[in-house]
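Inspection log for the structure reproduced underneath, given as C-alpha cells.
The values are calculated or read from the model by the stated rules, or taken from the named source; none is laboratory data. Computed from a predicted model, the values in this text were never measured in an experiment. Cβ coordinates were reconstructed from backbone atoms using ideal geometry, including for glycine residues, and neighbour counts include every protein chain displayed. Just the protein is used for accessible areas: all its heavy atoms, side chains included, with ligands, DNA and RNA removed. Shrake-Rupley method; radii C 1.70, N 1.55, O 1.52, S 1.80 Å.
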Amino acid sequence: MLDKLQEVLNEFEQSLDSVNSLPDMAQFKSEYLGKKGKLKGLMSGMKDLSVEEKKSFGAKANEVKQTMEEAIGKRSQQIELSEINAKLEKNWQDISWLERVKDKGQQSAGLHPLTKITRDLEDIFLSMGFDILDGPHIETEFYNFEALNVPANHPARDLQDTFWFNDMKHLLRTQTSNIQIRGMEQKKNPPFKFVAPGKVFRSESLDASHEAAFHQFEGMMIGEDISVSHMIHFLRTLLREVFKKDINVRLRPGYFPFVEPGFELDYECLLCGGKGCSVCKQVGWVEALGCGMVHPNVLKAGGIDPHKWNGFAWGLGVDRLVMMRYHIDDVRHLHQGDLRFSEQFKAY
Ligand code: DAH
C-alpha cells in the first residue's frame with residue numbers, strides 16, 4: 001500500500017510541470033485530491049489493513065496530501081505570474097515616448113482643430129441626449145441621393161459634383177445626410193435624435209475656400225410635434241459651443257430636396273460684429289449650415305410614418321467653422337498634414 005502511495009506521488013510530481021493553465025490546474029487537483037481522486041481511492045483501501053499498518057499508512061497519506069497541496073499552490077502561482085507577464089508583453093505602452101521625442105528636439109503636435117471642434121460638438125450633443133452615428137464614405141446612390149428625395153435626373157444632383165465609381169452605382173458620399181436614412185433605419189421607433197460627424201467628398205476645383213474632401217456635422221431629431229423653434233434652439237446651442245458665446249443667428253429660405261421648408265442659417269460675422277468686412281463679404285452675416293423640417297418622402301424612405309412623426313435635420317460645414325473660430329484664411333491649411341500647423345492649437 002505504501003508503495004502505491006509513493007507511486008501516485010511520483011506520477012503527480014512528474015506531470016505537475018506540464019499543467020500550464022489555471023483551469024487545467026483545477027482539473028489536475030481534483031484528479032489527485034478530489035472526492036473521487038487518486039488519493040481518496042487509495043485511502044478507501046485502508047479498511048483492510050491492520051491497526052499498525054493503518055497508522056503508518058494514514059500518516060504517510062497525510063504527508064503526501066500536504067506535499068501535493070503545497071506543490072499545487074506553488075505551480076499555480078507560477079502559472080498566474082506567467083499569464084500576467086504574457087498579458088503585459090502583449091499590451092505594453094511606452095510612456096517614455098514623449099520624453100524621448102522631446103530629447104531629439106521634436107515635439108508632439110496638438111489635436112487637429114477639426115478634431116477638437118468635432119469632439120466639442122459631440123460632447124455637447126451627447127449631453128443633450130443625442131446619439132452619435134457613423135456611416136460609410138463609399139455609399140450607394142440610394143442613401144446619398146435617392147432616399148433623400150433626389151431621384152435620378154433631378155437637377156439637385158448637379159448641385160453637388162460627385163465622385164462616382166466605375167459601376168455608376170457607388171460614389172464617395174457628397175454629404176453626411178446619407179446618415180439620415182441609415183439612422184432612421186437603425187433607430188426604427190421615434191422619438192430619437194442623433195448627430196453624425198464625418199468626411200465628405202466633392203469634385204470641386206480647389207481654392208482658398210474649397211477642398212475636395214471636407215467635413216460635415218449632420219443632425220436629426222424625429223418626434224411628435226417638432227417645430228422650427230426646436231431646431232433653432234439646438235442650432236444656437238451648437239454655435240454657442242463652437243464660439244463659446246451667444247451668437248446672433250438668422251434663417252433664410254434655402255432649397256434642399258430633403259427638407260420642406262428648408263433654410264440656410266447664418267450667424268453674425270464675429271470678425272466685424274455684423275458691420276461688414278472681407279470675410280463676410282461686407283454683408284455682416286456668415287453662412288453656417290443648411291437645415292429644415294424633414295421632407296415626408298425622406299421619412300417614408302427611412303421607414304417612418306410621416307402622418308405620425310416629424311422632425312428637423314441640419315448639415316453643418318465644419319471646416320468653415322474651424323476657420324472662423326481660429327481666424328484661418330485658407331482651407332488648404334487644414335489638410336496639409338503639417339505638424340507646425342496643428343501645433344498652434346495645443347493650447348485651445
Ligand atoms: N447636405 C447638405 C449639403 O451638403 C446640407 C444640409 C442641408 C443638410 C439641409 C441637412 C439639411 O440635413 O436639412 O449641402
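Condition (residue is open to solvent by 90 Å² or more (accessible area, probe 1.4 Å), outside the structural domain of V242 (by TED's automatic domain parsing) and under 24 Å from the mean Cα position of the chain (by Cα)) applied to the range 56-67: is it met by at least one residue? Spell out how you get there, then give the answer.
At the first step, the residues of the range 56-67 found to be open to solvent by 90 Å² or more (accessible area, probe 1.4 Å) are 62-63, 66.
Checking the rest, the ones that are also outside the structural domain of V242 (by TED's automatic domain parsing) come to 62-63, 66.
Imposing the further condition that a residue be under 24 Å from the mean Cα position of the chain (by Cα) reduces the set to none.
No, every residue in the range 56-67 fails to be open to solvent by 90 Å² or more (accessible area, probe 1.4 Å), outside the structural domain of V242 (by TED's automatic domain parsing) and under 24 Å from the mean Cα position of the chain (by Cα).
Open to solvent by 10 Å² or more (accessible area, probe 1.4 Å), polar (S, T, N, Q) and either within 16 Å of the ligand (Cβ to nearest atom) or closer than 16 Å to G183 by Cα (or both): is that true of S227 in this structure?
So S227 passes the test.
If I go through the range 308-318 residue by residue, how many of them are open to solvent by 10 Å² or more (accessible area, probe 1.4 Å) and either more than 10 Å from the ligand (Cβ to nearest atom) or not assigned by TED's automatic domain parsing to the domain that holds H230 (or both)? Working first, answer last.
Taking the range 308-318 first, the residues open to solvent by 10 Å² or more (accessible area, probe 1.4 Å) are 308-310, 315, 317.
Restricting the remaining residues to those that are either more than 10 Å from the ligand (Cβ to nearest atom) or not assigned by TED's automatic domain parsing to the domain that holds H230 (or both) gives 308-310.
Counting residues in the range 308-318 that are open to solvent by 10 Å² or more (accessible area, probe 1.4 Å) and either more than 10 Å from the ligand (Cβ to nearest atom) or not assigned by TED's automatic domain parsing to the domain that holds H230 (or both) gives 3.
Go through the residues of the range 127-138 one by one and say whether even a single one is more than 19 Å from the chain's Cα centre (by Cα) and in contact (Cβ under 8 Å) with a residue 12 or more places away in the chain.
First, the residues of the range 127-138 that are more than 19 Å from the chain's Cα centre (by Cα): none.
No, because not a single residue in the range 127-138 is more than 19 Å from the chain's Cα centre (by Cα) and in contact (Cβ under 8 Å) with a residue 12 or more places away in the chain.
If I filter the range 242-249 for residues that are under 31 Å from the mean Cα position of the chain (by Cα) and part of a helix (DSSP H, G or I), do I get at least one hit?
First, the residues of the range 242-249 that are under 31 Å from the mean Cα position of the chain (by Cα): 242-247.
Keeping just the survivors that are part of a helix (DSSP H, G or I) gives 242-243.
Scanning the range 242-249 turns up at least one residue that is under 31 Å from the mean Cα position of the chain (by Cα) and part of a helix (DSSP H, G or I).
Please determine, by comparing only the residues of the range 155-172 that are outside any loop (DSSP other than H, G, I, E, B) and more than 14 Å from the ligand (Cβ to nearest atom), which one is surrounded by the fewest Cβ atoms within 10 Å (Cβ to Cβ).
Step one: filter the range 155-172 for residues outside any loop (DSSP other than H, G, I, E, B), giving 155-159, 164, 170-172.
Among the residues that remain, those that are also more than 14 Å from the ligand (Cβ to nearest atom) are: 155, 164, 170.
On the way: P155: 8, W164: 12, H170: 16.
Of everything passing the filter in the range 155-172, P155 is surrounded by the fewest Cβ atoms within 10 Å (Cβ to Cβ).
This table checks each residue for (1) touching a Cys at 6+ places or on another chain (Cβ under 6 Å); (2) outside any helix (DSSP H, G or I); (3) open to solvent by 40 Å² or more (accessible area, probe 1.4 Å).
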site: R240; (1), (2), (3): no, no, yes
site: G262; (1), (2), (3): no, yes, no
site: C272; (1), (2), (3): no, yes, no
site: K281; (1), (2), (3): no, yes, yes
site: G290; (1), (2), (3): no, yes, no
site: K300; (1), (2), (3): no, no, yes
site: M323; (1), (2), (3): no, no, no
site: I328; (1), (2), (3): no, yes, no
